[in-house]
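One structure is given here, and the rest of the page talks about it.
The values are calculated or read from the model by the stated rules, or taken from the named source; none is laboratory data. In this text the structure is predicted, and so the values were computed from the model without any measurement. Please note: Cβ atoms are built from the backbone with ideal geometry, for glycine as well, and neighbour counts cover all protein chains shown.
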Ligand SMILES: NC(=O)c1ccc[n+]([C@@H]2O[C@H](COP(=O)([O-])OP(=O)(O)OC[C@H]3O[C@@H](n4cnc5c(N)ncnc54)[C@H](OP(=O)(O)O)[C@@H]3O)[C@@H](O)[C@H]2O)c1
């Protein structure tokens, strides 16, 4: 099987590497050519100078870029994937993007003789580097069945949620759940500090009970130590929350706490925290 991978960022670079290491013929494209060159040397694959060139012989084309407009550019743009699409090729978009975009791409790609699935990721840089991502998929079951064994090279769980767009909607649920939770954790830690409690003892006790969460276990210490130069960047979270808020507006869903936390993240950006980890919400409470 010939594969193509477009977008060798923090996530895409190791993911494409897992595919090459599994023995697939992989051709990559990256806007900044030097990264594609480095990748091709490291993984013994090939690279092309446009998305079109990278994908014209591919059975499956993976994209993992920044936002909706970036995906449009690499798929529908003048040098985009769609202009060289093989009949029956499958396009898998790993970018966190809108469900409206997923439906738009599905229409264009079907008209060009291919199939589309949206497959946003969870698990962060560490998950991509260890091949342990969680993938939420929207699309037809027959297409999912063809693609999931390939994605399993970098995923620990790959779940078909429903039709096209539902992978993105599941990712929105994920981000909505995280937003309120991180703010709650920030307030709990702030409160414990003001009470001058032994925070380690508090976390040891409550992380075994109903308040337990991944964020609590993995972030409490760096939050109280004021360390945020790592992890999932606030600017990416803002993009994801804006997508969820637009969708909520479209379907008249009430996600007021998410809207509030999005405003709090704007404050973190305004104090220079665009690249801080999302746990930096506590900074607002402890300037
Ligand atoms: N990082 C995480 O922890 C994480 C977790 C879950 C989901 N995600 C999502 O996964 C996606 C990728 O994230 P990332 O962390 O890998 O981002 P990243 O490190 O910033 O990489 C973005 C990649 O997209 C390329 N790109 C951006 N705009 C482009 C355009 N208009 N045309 C062509 N290429 C373009 C960049 O090329 P250049 O090299 O030329 O800049 C780069 O290869 C995002 O949607 C993000 O929200 C990220």
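Identification of helices (runs of 4 or more DSSP H) wholly contained in segment 177-287 with 3 or more residues that are without any contact (Cβ under 8 Å) to a residue 60 or more places away in the chain and under 30 Å from residue 68 (Cβ atoms) yields 234-251, 256-270. Residue 243: surrounded by fewer than 21 Cβ atoms within 10 Å (Cβ to Cβ) and either at pLDDT 95 or above or not assigned by TED's automatic domain parsing to the domain that holds residue 184 (or both), yes or no? So residue 243 fails the test. Scanning segment 166-186 turns up no residue that is in contact with a helix residue (DSSP H, G or I) (Cβ under 6 Å, 6 or more places away or on another chain) and over 25 Å from residue 125 (Cα atoms). Checking each residue of segment 149-159 against the condition of being crowded, with 17+ Cβ neighbours inside 10 Å and assigned to a helix (DSSP H, G or I) gives at least one match. Taken over segment 208-237, residues that are more than 16 Å from the ligand (Cβ to nearest atom) and surrounded by 11 or more Cβ atoms within 10 Å (Cβ to Cβ) amount to 10.
Could you grab me the full set of residues in segment 112-147 that are in a helix (DSSP H, G or I) and either touching a helix residue (DSSP H, G or I) at 6+ places or on another chain (Cβ under 9 Å) or within 16 Å of the ligand (Cβ to nearest atom) (or both)? Walk me through it before giving the result.
As a first pass, look at segment 112-147 and keep what is in a helix (DSSP H, G or I): 124-130, 141-147.
Answer for segment 112-147, where residues must be in a helix (DSSP H, G or I) and either touching a helix residue (DSSP H, G or I) at 6+ places or on another chain (Cβ under 9 Å) or within 16 Å of the ligand (Cβ to nearest atom) (or both): 124, 125, 126, 127, 128, 129, 130.
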